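The values are calculated or read from the model by the stated rules, or taken from the named source; none is laboratory data. Small disclaimer: the values here were computed from a predicted structure and weren't measured. Here the Cβ positions follow ideal geometry from the backbone for every residue, glycine too, while neighbour counts run over all protein chains shown. Surface accessibility is based on the protein's heavy atoms, side chains included, excluding ligands, DNA and RNA. Shrake-Rupley method; radii C 1.70, N 1.55, O 1.52, S 1.80 Å.
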Amino acid sequence: MDRQGRFLSTVRRAAHDADRVTDLHDDVCRAVVDAGSAYAYVYGAHDEGVLAAAGIDDPDPPASPPPDDAVETVDGPTGVELHVPLTDSDNRHGTLAFSAEHGGNGAAGDDDDDDDEHADGEAVEWEDTDPLLDLGGTVALAAGKLDAEAARDDLDAELAVERRQFRKLHSIAAQMVGCEEEQSIYHLAIDAAENILDFDICGIDVARDGSLVPVALSTGLDSEDSIQRPDDEGVAGQTYQENERVIVDDVATYEEAEPANDAYRSVLSVPIREVGVFQAAAKREGAFSERDAELAELLMSHVGETLSRLWSDQALRESEQKYRTLIEQSHDAVTIHQQDGYEFVNHRGTELFGRSEDDILGSSVRDVVHPDDHEKLTRTDGGTAAVGDRETFEARIRRPDGIVRHCEFSTTVITYQGEPAVLASIRDITERKERERELERQNERLDQFAGVVSHDLRSPLNVAEGSLELARETGDEEHFDRASDALDRMNSLVEDVLALARQGRLVDETERVALGEVAADAWESIDAPEAAVDYDVGDVHVDADPGRLQELFENLFRNAVEHGGDAVSVRVGTLPDGFYVEDDGPGIPGGDHDAVFDRGFTSTEDGTGFGLAIVREIAEAHDWQVAAVPTDGEDGGGGARFEVTDITTFD
């Protein structure tokens, strides 16, 4: 092989074996020298200077490199230099320059058949430079390949770094979710910016009342390095107002920049949505890239989302607390029930229902509401009710002790824990109902008074007026007796009407009294020495107004004497839910058992018909029931029997 062939082969092998571009340049220069040249060097294509050299300490490349398609001959420090362009298609990777003088290396003289004329150091003439151009292309191809591999390696390394940073940022985001205070979120963000994004210094400013207020700073910063500013001034104000990131490579040339510390030359400013601004700074120019900005935006998006969630949770807790306070302090019972039973009840509800919260929760609404009112209840299990439906109705609550309360229900169908439910506001209207009943009774009594005045009193009044007129005409005193009887009749009617009016009032206060003792006191007021009474009541007690209960007994006893005669026998006994009074008199005619309680109903000539009406008024004022009960042998001397029921008795 001739010397040129060995030269080209040696240099190509060096180019092919290189692992990096920097090694390529060094290896090619050494290969040229090893191939017999005195020295060689590579210089850049774009004023990059000398990239590598061998056999020469301080090469001086020309100001203008050769064109891409020609080898130039240049005078060098020891003779002629050949300058070979390293060109791969349109890509110029530099220029290879080497001495055309023989360097006396062994590699150049291994061929014994070679002409000895070159051994004396005379220049080797390259009459055909095309092989050198091809050599330049080979070196350029190798350089391009190594550049591409290096770029891929750099990209892989960057991607690996980014993946690690993304993982760490998402880990920080998970930690933020567990924070219960804003300041903890800010500090986590600053730590992440320093340790994950490798920012030198940074801080977070929050928008408050027209200003950007520093809330978190890097550990190495003083408070003087970040000051409060209006939210429309400086780089931070621009970022906040425009809601866009800003990268400042040199604050000295950026008009809006107003640095708190002149030592910092470059700035990265990123908005935190609806919160404020994050800023990072560095003492060198151009310290921040678009990638830095994107990662900072990702971190600040986590900050904004976490703060928004924190504020929402805080607002929800405050709202829940206010609502719970409102519910707990409400004068109305508030409940939530689903198909399986009650899910919530406030304190007023436990009072109204007469049950503990533990007893109510999980129990059925039907356990609380009176059976006769079950059909009124709002239902969500297969009914037509839909979320948002509202309803108002009246129903009764039945307590475990038997007490019944009248209530007004206002219900709304809602979604509770993902399932349909009924939110109910329950108001106790028992007193209102009692007032309504009292008003109805008063109206009834007014009607009764009007009837008495217009009819019952008019008859004896007419009798008295007629008797007095006859007495004047005839002077017969028997007419005065008739007038006196009529006046007595009128007096009895007035007294009974007044008694009826008094007994119609509802009972406001009761006390527990012995049934037998009250009945005995009532019998003492009856003027019937030949009559007899028997008490079969044991030690039973009831809750009642003692005076009005005694009047009830007095009217029943008086009715027995008036209809059964002075020698009548009366019996008082107990029932499972009340008591009875019966006698052995003539009894009540068939078909009149309901009518006997009507005002004015009487079967005697001198009766007013108010006695049993008063009994009914007293019973109803206590929420009791009274009835005339048929007895065996009635109409044949079986006697009359009156039962008072719906009473809770106590032994």
May I ask you to verify whether Gly547 is within 22 Å of Phe597 (Cα to Cα) and open to solvent by 30 Å² or more (accessible area, probe 1.4 Å)? yes
What's the number of the only condition in (1) at pLDDT 65 or above; (2) more than 24 Å from Val494 (Cα to Cα); (3) among the small types (Gly, Ala, Ser) that Gly611 fails to meet? (2)
So in region 570-591, with the set limited to residues that are more than 16 Å from Gly516 (Cα to Cα) and open to solvent by less than 50 Å² (accessible area, probe 1.4 Å), which one is modelled with the highest pLDDT? Asp583
Considering only residues that are surrounded by fewer than 18 Cβ atoms within 10 Å (Cβ to Cβ) and in a loop (DSSP other than H, G, I, E, B), which ones fall in region 242-253? Asn243, Glu244, Asp249, Asp250
Given (1) surrounded by 12 or more Cβ atoms within 10 Å (Cβ to Cβ); (2) in contact (Cβ under 8 Å) with a residue 60 or more places away in the chain, identify the lone condition not met by Glu180. (1)
Looking across region 183-211 at residues that are of a type in the set (Asp, Glu) and touching a residue at least 40 places away in the same chain (Cβ under 8 Å), the single one that is surrounded by the fewest Cβ atoms within 10 Å (Cβ to Cβ) is Asp200
Taking the criterion of being hydrophobic (A, V, I, L, M, F, W, C), open to solvent by 20 Å² or more (accessible area, probe 1.4 Å), in contact (Cβ under 8 Å) with a residue 12 or more places away in the chain and in contact with a Gly (Cβ under 6 Å, 6 or more places away or on another chain), would at least one residue in region 212-228 satisfy it? yes
Please determine whether any residue of region 261-268 is closer than 30 Å to Ala174 by Cα and among the aliphatic types (A, V, I, L, M). yes
Output yes when any residue across region 14-26 is of a type in the set (Val, Ile, Thr) and touching a Ser or Thr at 6+ places or on another chain (Cβ under 9 Å), and no when none is. no
Can you pull out the residues in region 259-269 that are under 44 Å from the mean Cα position of the chain (by Cα) and modelled with pLDDT under 90? Pro259, Ala260
Can you name the number of the only condition in (1) under 18 Å from Asp134 (Cβ atoms); (2) crowded, with 19+ Cβ neighbours inside 10 Å that Arg13 fails? (2)
Six or more apart or on different chains, Cβ atoms under 6 Å: show the pairs whose first residue is in region 468-492 and part of a helix (DSSP H, G or I) and whose second is open to solvent by 90 Å² or more (accessible area, probe 1.4 Å). Ala471/Phe480
Taking Glu48 and the conditions (1) open to solvent by less than 40 Å² (accessible area, probe 1.4 Å); (2) touching a residue at least 40 places away in the same chain (Cβ under 8 Å), which numbered condition does it fall short on, given that it satisfies the others? (1)
Quick one: which residue in Val561, Val581 is more than 15 Å from Val644 (Cβ to Cβ) and of a type in the set (A, V, I, L, M, F, W, C)? Val561
Does at least one position in region 116-130 carry a residue that is among the β-branched types (Val, Ile, Thr), part of a loop (DSSP other than H, G, I, E, B) and either surrounded by 12 or more Cβ atoms within 10 Å (Cβ to Cβ) or at pLDDT below 90 (or both)? yes
Working only within region 131-142, note down all residues that are farther than 22 Å from Thr73 by Cα and either at pLDDT below 90 or out of contact with any helix residue (DSSP H, G or I) (no Cβ under 6 Å at 6 or more places or on another chain) (or both). Leu141
When residues of region 1-47 are limited to those that are acidic (Asp, Glu) and touching an Asp or Glu at 6+ places or on another chain (Cβ under 8 Å), the one farthest from Gly94 (Cα to Cα): Asp2
Return the residue satisfying two criteria in turn: it lies in region 328-381 and is of a type in the set (A, V, I, L, M) and under 14 Å from Tyr416 (Cβ atoms), and of such residues it is farthest from the chain's Cα centre (by Cα). Leu361
Please enumerate the residues belonging to region 526-539 that are open to solvent by 20 Å² or more (accessible area, probe 1.4 Å) and of a type outside the set (Asp, Glu). Ile526, Pro529, Ala532, Val533, Tyr535, Gly538
Run Thr380 past the list (1) of a type in the set (Ser, Thr, Tyr); (2) modelled with pLDDT under 90; (3) in a helix (DSSP H, G or I) and report the number of the one that doesn't hold. (3)
Can you tell me which residue within region 421-430, out of those that are under 12 Å from Val404 (Cα atoms) and not in a loop (DSSP other than H, G, I, E, B), is most open to solvent (accessible area, probe 1.4 Å)? Asp428
